[in-house]
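In what follows, a structure is listed as structure tokens, so that the remarks can point back to it.
The values are calculated or read from the model by the stated rules, or taken from the named source; none is laboratory data. As the structure is a computational prediction, the values presented were derived from the model and not from experiment. Every residue, glycine as well, gets a Cβ built from its backbone with ideal geometry; the counts of neighbours run over all protein chains shown. Keep in mind that these areas ignore ligands, DNA and RNA; they rest on the heavy atoms of the full protein, side chains included. Shrake-Rupley method; radii C 1.70, N 1.55, O 1.52, S 1.80 Å.
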Amino acid sequence: MRLELVKRPQRSMLFSALSPFIAFGLTIVAGAILFALLGINPLTAFYTYFISPITEVWQLHELAIKAAPLILIAVGLSVCFRSNIWNIGAEGQFVFGAIVGSVIPVLYPDMQGPFVLPLMLLMGMVGGAAYAAIPAFLKTRFNTNEILTSLMLVYVAQLFLDWLVRGPWRDPKGFNFPQTVQFNPSAVLPELMPMSGRANLGFVFALVAAVLVWILMSRMLKGFEIRVLGSSPRAGRFAGFSFNRMVFFAFMLSGALAGLAGISEVSGAIGQLQPSISPGYGFTAIIVAFLGRLNPLGIVAAGLVLGLTYLGGEAAQSVLGISDKVARVFQGMLLFFVLGCDTLIHYRIRLVGLAPKLDASPKLEEAH
Amino acid sequence: MGGTVSAQEGTANLLEVRGLTKIFGTLTACDHIDLTIGKGEIHALLGENGAGKSTLVKMLFGSLEPHSGEINWDGQSVRMTSPSVAKKLGIGMVFQHFSLFEALTAAENIALSLDDGAPIGTIAAKARALSYSYGLPLDPDSLVGDLSVGERQRIEIIRCLLQAPQLIILDEPTSVLTPQEADKLFETLERLRAEGKSILYISHRLEEVKRLCDRATVLRHGKVVGHCNPREETASSLARMMVGNEVKSAERTPITLEGAQELLSVCGLSRKPAGPFSTPLKNIWLAVKAGEILGIAGVAGNGQGELFEALSGEVQQTSADSVRIRGKDAGRLDITGRRLLGAAFVPEERLGHGAAPRMKLSENLLLSRYATDGKAFVGSGGMVKNGAVYDAAQRIIKIMDVRKSAPDPEAAALSGGNLQKFIVGRELDRQPTVMVVNQPTWGVDAGASAHIRQALIELARGGSAVLVISQDLDELFEISDAIAVMHNGELSKPIPIAEATFERIGLLMGGAEPGHVDQKLETA
């Protein structure tokens, strides 16, 4: 007895559209079981987790802060994944973009003026793109697997940041804490509505990026090229599109957006560099990209949902006294169910056992 | 043949189908189909593209479930719930579109479908023995990705025969074979018939149906329009049953090419083999003049695919003057650069090469035309003018009579012949100066083939140079002004159509050197 996946002749459009919601529902059910096993009333838990973090206006600002990097990164990743290129290293590009973008406020704190912030953002994007170009180069030149190289470069970037903030970039007046100087005001990302909360321009960047990439993918020749090369590479070559150029384009676009997310996070929400600047945004964004069906507009919604899981994790920790790692469990379950639903839209499960043999062979024997 | 008839008389029918019906949405693909296949019979299934042949066969093979009707196998009512049930009953199928993994060897592909856990070595040895005994030589250790369409078909046939089926379904099997190869296949099929096996033979080549098949069932628009004995019919009476009216073959008006300009020339083109099993190109010279159709014949896998890639620019040359388009060096241009010089290309594989399967027809139009028709289809800032692309796609669909189920369906939703009409039409619509086509009518029905061939002739007579690579000799004789033959990566001198005979071309296809052909013919 074994399980087999059999390709369905037709995909159901209805279930393709419903799949993220079904996946979310299944995550809730599985989460309820999880909370019940932990001895917590699931209703209380869900209220704490999903409702309480967005009951007040300032909390919505916090949600925007969490969702912004997720959306920015996931929008870039959607371009990669649509072209069948697997950039798993957005976390590293996020960190590297943050480092390069912070060069001015850390090393030249006296440099001030309106040009500083745009320059920082630009440098952050260039840094992220350059860092993403490494796995692209390795793939096109040596045919290495980009999943492995991009993932390994995440740890290189994280450890490089760790070394910087403990070593050469450490704030000399910071009582030996591993962190850089606080950015001066002209290097800080402005808040959108300082009266009601902390949300900064990063969320606007995320929305603009989502709209621009949506236009790119659905309206422009470049988007067409991305989709053709992703879905049938040989037809793409026949069209005259270069796969190698696409590898660089997809990696560097997603790297630039991850780098922008990185520098926005550092200059907005944090205000300085420290050993850890991301609660795994680059990895969670992979879930966001798939939950949003690789559609930039879907990704905005998915980014808000996943942003909520971070806030819910914090709330659960303070109110219910359970580890904020529950957030990671939720994210993992959500990705599992999304991919599961997508698989079942394309395939159905068949049990292969002894039954068909018993069914068919006697007939053959009778026939002879 | 006498033995065959007595075998039929003695036993009951192997397969009886009554009132089989399949409905897709509003379309009744198969409408109360009746079909009877006796033991030791070769039964032809005839019909145009979209007549319901594929749907019927899929139901017989268990990959589609019928809405109503019954299937009797050897007198027993059976339900074909899946292909594995059909296989266990003893039905084998050779598909028109092959289901092979390119990265695996022939033997590994065969092992995957056998499901009995025998070691690869044993399977390879069995496959090799079987392939040679049936006259379909096959190297089981070669990678499928490096094999030609004709060779891939052999794998499918051997794979099917290894399962010792009672009924073998063959979907357009000769469409990729040379006359000699087809003859060998017919011998194989006749031998299988003599062994008491039954064959359901799907084809639109009426001559071979007349020659090979004992009975025929003709489908049109999902209905059986008649059962007949093909030996008692003429090709045109069969065609009438299939199409419902007379099919014209393409008309080639004679032309003098004195002083016409060479629009496509290849000078000393060589190419190293791309993989361990692909064919190198050796010092190829050819020229196609304005107004001319040059046909390139050859057994599958003799370098035609490699030549196409070298001409199209999917693989570029090291020296710029080895390929010249409209008198300009094009050897180091990519496919877009060559298109911009006025060339158009139609590859052999429709799905996945000529067209992206999951994309709409309009998007597939953009695929090969975004650069040449940049002004019409792409606006400022790289925005695609979807409306213009859609209108152009609809125009091509209308001109080429592409039959489809939705206004702008995905390429994969079309039948092979209709997609081919679209892909050829997509290039013709540009009025290219140079057109290179590989296998223009592979697996395309009679009506659509005539349409495509006539269109190619008209393009040439309008002043373009057309190069047609084909394994279908009838086709090449119908449309070409001269025929050159590829063998083992070398190209013979072109033979003007007036001097070309099947025999002479066949000898070249078999590897006779150009210089020796005349002698052999004279002595013969």
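The table below lists the values:
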quantity: Simple spin-label estimate for residue B:458 and residue A:2 in nanometres, 7 Å along Cα-Cβ; calculated: 5.5 nm
quantity: Stokes-Einstein D (µm²/s) once Rh is taken as the Kirkwood radius of the protein assembly as shown over alpha-carbon pairs, at 37 °C in 0.692 mPa s; calculated: 106 µm²/s
quantity: Relative packing of peptides A:239-245, B:416-422, B:379-385 - highest average C-beta neighbours within 10 Å first; calculated: B:416-422, A:239-245, B:379-385
quantity: Packing-based ranking, highest mean first, of A:216-227, A:114-125 given that Cβ atoms within 10 Å are counted; calculated: A:216-227, A:114-125
quantity: Probe 1.4 Å, accessible area per residue of chain A, Å²; calculated: 46 Å²
quantity: Calculated SAXS-style log₁₀ I(q)/I(0) at q = 0.09, 0.15, 0.21 Å⁻¹ - the stretch B:123-249, Debye, Cα scatterers; calculated: -0.30, -0.77, -1.24
quantity: More than 29 Å apart - percent of Cα-Cα pairs taken over chain B; calculated: 54 percent
quantity: Packing-based ranking, highest mean first, of B:105-111, B:456-462 given that Cβ atoms within 10 Å are counted; calculated: B:105-111, B:456-462
quantity: Pairs of alpha carbons in the stretch B:268-403 whose separation is greater than 24 Å (percent); calculated: 41 percent
quantity: Hydrodynamic radius of the stretch A:174-217 per Kirkwood, over alpha carbon pairs, in Å; calculated: 13.2 Å
quantity: Relative contact order of the stretch A:288-334, pairs being alpha-carbon contacts under 8 Å that are 6 or more residues apart, as %; calculated: 25 percent
quantity: As computed over the stretch B:350-431, the Cα convex hull volume per residue (Å³); calculated: 83 Å³
quantity: Inter-chain shielding of B:326-336 (mean C-beta neighbours from other protein chains, 10 Å cut-off); calculated: 1
quantity: Average other protein chain Cβ within 10 Å of Cβ, residues B:311-318; calculated: 1
quantity: Distance histogram for chain A (every C-alpha pair counted, 10 angstrom bins, percent rounded to whole numbers); calculated: 5, 21, 29, 24, 12, 5, 2, 1, 0, 0
quantity: Reference-scaled alpha-carbon Rg (2.2 N^0.38 Å with N residues) for the stretch A:238-287; calculated: 1.56
quantity: Between the stretch B:354-376 and the stretch A:232-297, the Cα center-to-center distance that results, in Å; calculated: 27 Å
quantity: Exceeding the 32 Å Cα-Cα cut-off - candidates B:87/B:272; A:139/B:404; B:22/B:210; B:58/B:421; calculated: B:87/B:272; A:139/B:404
quantity: Of A:33, A:101, A:14, farthest towards positive along the dipole that unit charges on Lys, Arg, Asp, Glu beta carbons give the stretch A:2-101; calculated: A:14
quantity: Rg and Dmax of the stretch B:100-139, Cα atoms only, in Å; calculated: 10.0, 27
quantity: Alpha carbon convex hull of the stretch A:1-68, projected area averaged over orientations, nm²; calculated: 8.4 nm²
quantity: With Cα atoms, 0 to 90° folded angle of helix B:514-523 axis to chain B main axis; calculated: 60 degrees
quantity: Long-range HN-HN contacts of residue B:482 with modeled amide H, under 5 Å; calculated: B:293, B:295, B:497
quantity: Eligible aspartates and glutamates near residue A:7 by straight Cα distance, threshold 16 Å, same-chain separation 8 or greater; calculated: A:342, B:65
quantity: Tilt relative to chain A, helix A:281-291 - C-alpha long axis, 0 to 90 degrees, to 10; calculated: 40 degrees
quantity: Relative contact order of chain A, pairs being alpha-carbon contacts under 8 Å that are 6 or more residues apart, as %; calculated: 35 percent
quantity: Value of relative contact order over chain B, rounded to a whole percent, pairs C-alpha under 8 Å and six or more apart; calculated: 15 percent
quantity: Nonlocal amide H pairs with residue A:273, under 5 Å, H built at 1.01 Å; calculated: A:180
quantity: Globularity index of the stretch B:28-133, i.e. its alpha-carbon radius of gyration over 2.2 N^0.38 Å; calculated: 1.27
quantity: Where only alpha carbons of the stretch B:2-243 are counted, the Rg and the Dmax (Å); calculated: 17.6, 50
quantity: Helix A:243-265 vs. chain A, principal-axis angle (Cα, 0 to 90°, nearest 10); calculated: 50 degrees
quantity: Taking all pairs of distinct alpha-carbon atoms in the stretch A:33-189, Kirkwood radius in angstrom; calculated: 18.5 Å
quantity: Amide H contacts of residue A:200 (H built 1.01 Å from N, under 5 Å, at least 5 apart or other chain); calculated: A:192
quantity: Peptide-level mean, for B:84-95, of C-beta atoms on other protein chains within 10 Å; calculated: 2
quantity: At 1.002 mPa s and 20 °C, Stokes D of the stretch B:378-524 from Kirkwood alpha-carbon radius, µm² per second; calculated: 122 µm²/s
quantity: Karplus-derived 3J(HN,Hα), 6.51/-1.76/1.60, for each residue of the stretch A:98-113, Hz, glycine and proline x; calculated: 4, 5, 5, x, 8, 4, 5, x, 8, 8, 10, x, 6, 5, 9, x
quantity: Globularity index of the stretch B:277-339, i.e. its alpha-carbon radius of gyration over 2.2 N^0.38 Å; calculated: 1.14
